[in-house]
Amino acid sequence: MGIWIDTDMGFDDIAAMLVVLHAGEAVDGVSLVYGNVPLGQVKRNAAAAAQAFGWTFPIHQGRALPVLGKLETAERILGQTGMPTSGLSLPDAPALPDSDAFLALCRWLEDGEGPHRILALGPLTNIAALALARPDLAARIDELTWMGGGVSSGNHTASAEFNAFADPEALAIVLAHGVPFRMVDLDLCRKVIAYPKDVEAIRTAGGAKAALLADLLAGYVAIGTSRGRTGMAIYDPCAAVALVDGNAVSFRPARIDVELAGALTRGRTVVETRANHATFNAHYAIDVDAERARRHLLAALTKEAAR
Ligand code: BDR
Ligand code: CA
């Protein structure tokens, strides 16, 4: 059985999907969700990525708004497409066929024998919708690995990571339904960096596709370097690495909660790892072999560039 990917389809989401594919895993289906950009742009990005990389797995359209609260996006950091680039960008593609993500996810959970593994790379709205409407099917999820949250700090606000901030109620719903949950947060992902030198390594790997991937990675890396850092943290690909390589990321049992009420701390994830202080409801990624994770990313991008 392959993997289901739930994504808001920015560049690091695409890179995470390439990590999954180049690790030899099959993708059974993809559900799109609003996130760094509104759902309409996410759909355009997905259509363009599917065309550019020859993806044939089904891509379904999910939620455009959070469970509660207002739509929160991040164009101020990532630009109008959610995919900063230093030059070439994904060429436009015909729109994807209309296909409902909720129904597709239900079918996947109903029909397949499992294990049912989900990689979630955006706000958890689609998964929360499933848990609310079909808790019987949510109970068939064997593992949900999510890039999101941040224990020591946020990125979208001082307190909260973007995917958590965009729909904290969804995160709370998923946790409350007992979905086997593994959180790969900002603290972990910030240990794994893409550098400008990686861009050149990819550029030299091939022809037109190498140039495209290099320009997309360059735009992503520039988010970090334009702020005086040496590179840019690899977010979503870290969660993909955790899924495909059991030796790269280590987890420990934890109690994970999310702040729903705080005026300054809404979306903050709170992690308790002391067994005598809480009932554990999840696993928390505590360490990563950063070089190994980088190798997964660079191997995936280089192989795709040469394909
Ligand atoms: C998350 O938001 C986006 O920038 C990334 O794709 C990642 O899912 C990091 O906060
Ligand atoms: Ca994402």
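Please treat every number below as a calculation from the coordinates, not as lab data. All values reported here derive from a predicted model rather than from experimental measurement. Virtual Cβ from ideal backbone geometry, glycine too; neighbours counted across all protein chains shown.
In cubic angstrom, how much convex hull volume per residue do the alpha carbon atoms of the range 134-179 span?
Working: hull volume 3.4 nm³, N = 46.
Spread over its residues, the Cα hull of the range 134-179 gives 74 Å³ apiece.
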Practice prompt. Would you kindly state how much longer the chain becomes between Asp287 and Ala306 on full extension, computed as 0.36 nm times their sequence separation minus their alpha carbon distance, in nm to one decimal?
Written response: 3.7 nm
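Determine, for Thr204, Thr125, Thr157, the number of other Cβ atoms within 10 Å of each Cβ, and report the residues in order from fewest to most. Could the numbers behind the result be given before it?
On the way: Thr204 11, Thr125 27, Thr157 18.
Result, fewest neighbours first: Thr204, Thr157, Thr125.
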Fill in: Ratio of the Cα radius of gyration of the range 1-153 to 2.2 N^0.38 Å, where N counts its residues
1.01
Fill in: Selection from Leu171, His283, Ser226 lying farthest towards where the dipole of the chain points positive, charges on Cβ
Ser226
Discussion item. Given the -39500 (n - 2.57) contribution per DSSP H run of 4+ residues, what per-residue ellipticity at 222 nm results for the chain, rounded to the nearest 500 deg cm²/dmol?
Written reply: -12000 deg cm²/dmol
Practice prompt. Please work out the ratio of the alpha-carbon Rg of the range 117-234 to 2.2 N^0.38 Å and round it to two decimals.
Written response: 1.29
Worksheet item: Which residue fluctuates the most in the chain, going by a Gaussian network model with Cα springs under 10 Å, if the choices are Gly154, Gly29, Gly178?
Response: Gly178
Practice prompt. Sort out for me the Cα centre separation of the range 263-307 from the range 207-230, rounded to whole Å.
Written response: 22
Worksheet item: Per the Kirkwood formula on distinct C-alpha pairs, the Rh of the range 218-292 is how many angstrom?
Response: 14.9
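Sequence gap at least 6, Cα distance under 8 Å: using those rules, report the relative contact order of the chain to the nearest whole percent. List each step's numbers first, then the result.
Numbers: 701 pairs, mean separation 65.3, N = 307.
Here the relative contact order equals 21 percent.
Just to check, using Stokes-Einstein with a Kirkwood Rh over alpha carbon pairs, what's the diffusion coefficient of the range 1-304 at 20 °C and 1.002 mPa s in µm²/s?
Working: Rh = 19.0 Å.
Estimated via Stokes-Einstein, D reaches 113 µm²/s.
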